[in-house]
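Everything on this sheet refers to the single structure shown next.
Each reported figure results from applying straightforward, stated rules to the coordinates on display, with no laboratory input. Everything numeric in this text was worked out from a predicted model, so none of it was measured. Heads up, the Cβs are rebuilt from the backbone with ideal geometry, glycines too, and the neighbour counts pull from every protein chain shown.
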Amino acid sequence: MRFSFIAPEPRPLISIFSKIWLSLISFVFVALLATNFFILYKNYSIEKNINFLSNEQKELSQKIVTTDEILAKLAVQIESANDIFTSNSILKQSLHNLFDLVPDSITLEEVFMDKNSLIIRGITPTKDVFNQLLASPLRSIFTTSNTSFYQSKNGWYGFISTNKIDNSEGYNE
C-alpha cells in the first residue's frame with residue numbers, strides 16, 4: 001500500500017541550507033582564527049621590538065653618561081690648558097721685563113727660572129753697578145734675593161744671584 005504519489009528518496013543527513021550555514025560558520029571561524037594568530041604574531045613582534053628599543057635606549061643612555069663624563073674632563077683640561085697658557089704668557093712677559101731690566105754694562109751668562117725661583121749668573125764691572133742697576137729691581141719682585149760675587153781674571157766680577165718668591169701664583173707649569 002502506497003500513500004504517496006512519488007517514490008521515496010533517501011533524505012540527506014544535512015540539508016543544503018544547513019550546508020551553507022555550516023560552511024559560512026566554518027569560514028568565519030577560520031577567518032577569526034587567522035585574525036587571532038595575526039594579532040598574536042603582531043603582539044610578539046611588538047614586544048620583541050619594545051625589548052630591543054629598551055636595550056638600545058639603555059645603551060644610548062650609558063653612552064650619553066660616558067660622553068658627559070668625557071665632556072666634563074675635556075672642560076677641565078681646557079680650563080687647565082688656558083691657565084697654563086695664561087701663566088706662560090705671564091712668564092714670557094716676566095722674562096721680557098727681566099731682560100729689559102738688565103743694563104748694557106751687565107752681561108748675563110745663564111738664567112734659570114723655576115716655579116718660584118730665579119737664578120742669574122753673569123758678569124758685572126763692579127759690585128755697585130750690579131747692586132744699583134739690577135739687585136734693587138730684583139729685591140722689589142722677589143721675597144728673598146741673595147747675590148754672591150767672585151773676582152774674574154780681567155778685573156770684573158762674576159755673580160750668581162739667587163732670587164726666591166714665596167707666592168707662585170701665575171706659574172702653573
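Points worth noting:
- Taking every lysine pair in the range 1-145 that is 8 or more places apart or spans two chains, those with Cα atoms closer than 23 Å amount to 5.
- Secondary-structure-derived ellipticity at 222 nm for the chain, considering helices only, amounts to -20000 deg cm²/dmol, per-run term -39500 (n - 2.57) for DSSP H runs with n ≥ 4.
- Tilt relative to the chain, helix 16-101 - C-alpha long axis, 0 to 90 degrees, to 10: 0
- Chymotrypsin sites (Phe, Trp or Tyr not before Pro), loop per DSSP, at most 12 other Cβ atoms within 10 Å - longest free stretch of the chain: 6-173
- Size-normalised alpha-carbon gyration radius of the range 19-64, reference 2.2 N^0.38 Å: 2.09
- √(5λ) per eigenvalue of the Cα gyration tensor, the chain, largest first, Å: 111, 11, 10
- Counting all C-alpha pairs of the range 15-95, share separated by more than 14 Å (%): 81
- Separation of the Ile50 and Ser80 label points, Cα + 7 Å toward Cβ, nm: 4.7
- C-alpha center-to-center spacing [the range 106-149, the range 1-30] in angstrom: 128
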